[in-house]
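Working notes for the structure below.
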Amino acid sequence: MTGSRSSGTAAASATPAAARPPRPILVELAGAILVVGGIISLLTSIEVVFAMDQQGQPLDAFSVISLAIGLGFIVLGILTRYGRAWLVTVNVVAVVAFLELISATIVGLFFGALDVIVVLALFYERPWFQWQPEGPKGP
């Protein structure tokens with residue numbers, strides 16, 4: 001009888017770790033927009049690199065930067081889904097949204113509008129990113 005009592009108190013004293021609240025739908029949407037936009041940017045950049053190579057033109061810095069931006073958006077989208085890099089993501093996406101919106105092209109306006117949606121969603125869900133598990137209580 002004493003054995004069952006001690007195992008019961010041991011189970012009661014072990015408190016489960018506080019789990020992060022469920023991921024909001026706006027965070028899922030923002031992460032998906034970033035990942036899909038990054039994949040589209042990456043594939044478009046790869047296509048441009050191959051077209052330049054077939055024409056015999058040297059690879060310029062803009063092509064390399066474009067590849068890096070596509071990869072960066074994919075990484076930021078994944079980090080956003082897992083509740084990381086909120087400040088970096090908001091700043092990068094806000095700058096890219098501004099640049100896309102001032103491009104005055106249909107594609108630029110479309111992707112700029114999507115980036116604005118991402119920034120607004122991330123600002124709205126900021127408390128989810130700031131969540132911290134409760135620390136041990138005591139002096």
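Listing for the model above:
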| quantity | calculated |
| --- | --- |
| Dimensionless Rg/Rh of the range 99-139 - Kirkwood Rh, Rg from C-alpha atoms | 1.42 |
| Inter-site label distance for Ile40 and Thr105 at 7 Å from Cα along Cβ, in nm | 1.3 nm |
| Nearest-0.05 FRET efficiency for Phe62 and Asn91, computed from C-beta distance (R0 22 Å) | 0.50 |
| Space enclosed by the convex hull of the alpha-carbon atoms of the range 13-139, per residue, Å³ | 136 Å³ |
| Whole-number D in µm²/s for the range 19-63 (Stokes-Einstein; Kirkwood sum over Cα pairs; 20 °C, 1.002 mPa s) | 166 µm²/s |
| Globularity ratio of the range 40-106, using Cα Rg and 2.2 N^0.38 Å | 1.30 |
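The numbers here are math on the coordinates, done by the rules we state, and not lab data. Being a predicted model, the structure only gives us computed values, none of them experimental. For neighbour counting, all protein chains shown are included, and Cβ atoms are generated from backbone atoms with ideal geometry for every residue, glycine included.
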